[in-house]
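A short worksheet on the structure shown next.
The values are calculated or read from the model by the stated rules, or taken from the named source; none is laboratory data. Predicted, not measured: the structure shown is a model, and the values here were computed from it. For neighbour counting, all protein chains shown are included, and Cβ atoms are generated from backbone atoms with ideal geometry for every residue, glycine included.
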Amino acid sequence: MRIITSHFEEASPEHTEAVLEQVQESLEANPEIETILVATTEGSTGLAAARTFSSMNVIVVTHQSGFLTPNENELPEGMHEAITKSGATVLTCTHAFAGIGRSLRKSFGTWSIPEIFAIAYRTFGQGTKVCAEIAMMAADAGLVRVDKDVICIGGTGRGADTAWVVRPAYTSSFSELKMRACICRPIEF
């Protein structure tokens, strides 16, 4: 595997285009990687990745429904349609590091083990945590293999500022998740 790692001075959605360019360079150097996972909230990052990598298997991972508002998903239906028309798959499911544990924290003020892992991943930046999380979410949904590397793209808030080569694992096999190579990430976050 040949990966050149770069670091942004700070976390910012303004890095999205640069992240996509660096992912493209990594794909050219590593043609065995066939799948790209990208986190999106309201859809613009997911759509940009779907269009940029239209010849690849692109999986756009959204927040779960009810993340902010009961009975609502932050990804507008029109954006969902635009992403799928671009050839990507949209995955909406429970966050791997949240789920029931987040409910317990909110209700009782106690932390769960998965949320503690999320905090540990965030020591490398929010985008790194997102990359680990979406790899497990896609594996659980049966959309990626757990014996092949993928590239995961995440960010801090909106946009993208982080990309990793990841060997996915199911949430039930979390310890088998491998953060194999960092493509880019911010050093201040």
query: Can residue 185 be described as surrounded by fewer than 16 Cβ atoms within 10 Å (Cβ to Cβ), in contact (Cβ under 8 Å) with a residue 12 or more places away in the chain and not in a helix (DSSP H, G or I)?
result: no
Where a residue in segment 159-176 is touching a residue at least 12 places away in the same chain (Cβ under 8 Å) and its partner, wherever it lies, is basic (Lys, Arg) and surrounded by fewer than 24 Cβ atoms within 10 Å (Cβ to Cβ), with Cβ under 7 Å and at least six apart: 165/180; 166/178; 166/180; 167/178; 167/180
query: Right, residue 140: in contact with a strand residue (DSSP E or B) (Cβ under 6 Å, 6 or more places away or on another chain) and of a type in the set (Asp, Glu) or not?
result: no
message: Criterion first (touching a helix residue (DSSP H, G or I) at 6+ places or on another chain (Cβ under 8 Å), farther than 18 Å from residue 166 by Cα and of a type in the set (A, V, I, L, M)) does residue 47 satisfy it?
response: yes
- prompt: Out of 161, 147, which single residue is buried (at least 18 other Cβ atoms within 10 Å of the Cβ) and acidic (Asp, Glu)?
  reply: 161
task: Name the single residue, out of those in segment 113-150 being modelled with pLDDT of 95 or more and among the β-branched types (Val, Ile, Thr), that is farthest from residue 39 (Cα to Cα).
output: 146
- line: Residue count, segment 101-110, condition within 23 Å of the chain's Cα centre (by Cα) and part of a loop (DSSP other than H, G, I, E, B), comes to 0
query: Restricting attention to segment 151-169, which residues are under 17 Å from residue 121 (Cα atoms) and either modelled with pLDDT under 95 or part of a loop (DSSP other than H, G, I, E, B) (or both)?
result: 155, 156, 157, 160, 161, 168, 169
task: Answer yes or no as to whether residue 68 is among the hydrophobic types (A, V, I, L, M, F, W, C), surrounded by fewer than 17 Cβ atoms within 10 Å (Cβ to Cβ) and without any contact (Cβ under 8 Å) to a residue 60 or more places away in the chain.
output: yes
task: Would you check which residues across segment 18-33 are within 13 Å of residue 153 (Cα to Cα) and without any contact (Cβ under 8 Å) to a residue 12 or more places away in the chain and list them?
output: 21
Residue identified as out of contact with any Lys or Arg (no Cβ under 7 Å at 6 or more places or on another chain), in contact (Cβ under 8 Å) with a residue 60 or more places away in the chain and closer than 22 Å to residue 137 by Cα among 45, 62: 45
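Does residue 174 qualify as being part of a loop (DSSP other than H, G, I, E, B) and among the hydrophobic types (A, V, I, L, M, F, W, C)?
Answer is no for this residue.
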- prompt: Mind checking whether some residue in segment 110-131 is touching a residue at least 24 places away in the same chain (Cβ under 8 Å), hydrophobic (A, V, I, L, M, F, W, C) and crowded, with 19+ Cβ neighbours inside 10 Å?
  reply: yes
message: Take the conditions within 20 Å of residue 157 (Cβ to Cβ) and surrounded by fewer than 20 Cβ atoms within 10 Å (Cβ to Cβ) and apply them to residue 92. Does it pass?
response: yes
statement: Just one listed residue, out of 35, 40, 16, is more than 26 Å from residue 187 (Cβ to Cβ) and crowded, with 19+ Cβ neighbours inside 10 Å, and it is 35
